[in-house]
Amino acid sequence: MKCRLTNRMARAKSRRGAAAVEFAVCLPVVLLVVFGSIQAASMLFLRQATIQAAYEGVKVAIRDESTDEKVREAAQAVLDGRNLTGVTIDIQPSNVETLDAGTVVDVIVSAPSDENTLFPFAMFTGQIVSANAVMVKE
C-alpha cells in the first residue's frame, strides 16, 4: 500500500513539472495571439474612422454653402471623437465654395498608424491608413 502511494506522489510531482514547462512554452504564443488580435482590431478601427471622416467631410463639401474649412471641421469632428492624432484631410479640388454643380469632389483622410495604435508591433509600424469619399457637388 505504501509503495502505491509513493509512486502516485512521485508521478504527481513529475506531472506538475511537465505542466509548468507546457505553460512556459505556450504562454508566449498565447500572448502573441491575444496582443496581435487587439492590434489588428485597433487597425480596423483606424481604417473605419478614416472612412467615416472622409464620408462626413464629402457630405458637407457637396452642399452649396460649404467651404473648405467646414469640410475639414466635419471630418475632424469624427476624428476627434475617436481620439485620432496626426491626421491629414485633403480636399480635391480645393475651394469647394467656387465649384460648379456637377463637379466631382473627393475628400481624402490619411492617418499614421504609429501615432494611433496601442502596441508598437513591427507589422503595423510606418504605415499610413488612408480613405477617400467621392460625391458630386449639388
Review point. Hey, what number do you get for the chain at 222 nm if only DSSP H runs of n ≥ 4 count, each worth -39500 (n - 2.57), divided across all residues, to the nearest 500?
Key: -19500 deg cm²/dmol
Exercise for review: State log₁₀ I(q)/I(0) for the chain at q = 0.15, 0.18, 0.19 Å⁻¹ as given by the Debye formula over alpha-carbon point scatterers of equal weight, solvent excluded.
Suggested key: -0.77, -0.93, -0.99
Exercise for review: Grab the beta carbon distance between N95 and T125, set R0 = 22 Å, and tell me the FRET efficiency rounded to 0.05.
Suggested key: 0.05
**Study point:** Contour excess over end-to-end distance, with Cα ends at V33 and E69 and 0.36 nm allotted per residue
**Key:** 8.7 nm
Review point. For the stretch 24-94, taking Cα atoms only, what is the radius of gyration to one decimal and the Dmax to the nearest whole Å?
Key: 17.8, 64
Study note, to complete from the structure: Here Rg/Rh (Cα, Kirkwood) for the stretch 73-138 equals 1.09
Practice item. Using a cut-off of 15 Å between beta-carbons, work out the net charge of the residues near N132 (Lys and Arg +1, Asp and Glu -1, N132 not included). Key: 0
Check your understanding: Which whole-Hz ³J(HN,Hα) couplings does the stretch 44-52 yield from phi under the Karplus relation 6.51 cos²θ - 1.76 cosθ + 1.60, θ = phi - 60°, glycine and proline marked x?
Key -> 5, 4, 4, 4, 5, 5, 5, 4, 5
**Study point:** Dipole axis of the chain (+1 Lys, Arg; -1 Asp, Glu on Cβ), positive-most option in V30, S94, P120
**Key:** V30
Check your understanding: Which residues in the stretch 98-131 have a backbone N closer than 17 Å to a point placed 7 Å from the Cα of A40 along the Cα-to-Cβ line?
Key -> 118-125
Study note, to complete from the structure: For the chain, the dipole about the Cα centre with charges only on Cβ (Lys and Arg +1, Asp and Glu -1), to the nearest 20 debye, works out at 2380
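Counting only other residues whose beta carbon sits under 12 Å from that of N116, what net charge do I get with K and R as +1, D and E as -1?
On the way: positive: R47, R82; negative: D114, E115.
Cβ neighbours under 12 Å give a net charge of 0.
All of the numbers you see were taken from the coordinates with simple rules; none came from a lab. This one's a predicted model, so the numbers in the text were calculated from it and none came from an experiment. Glycine gets a Cβ as well: all are built from the backbone with ideal geometry, and neighbour counts include every protein chain shown.
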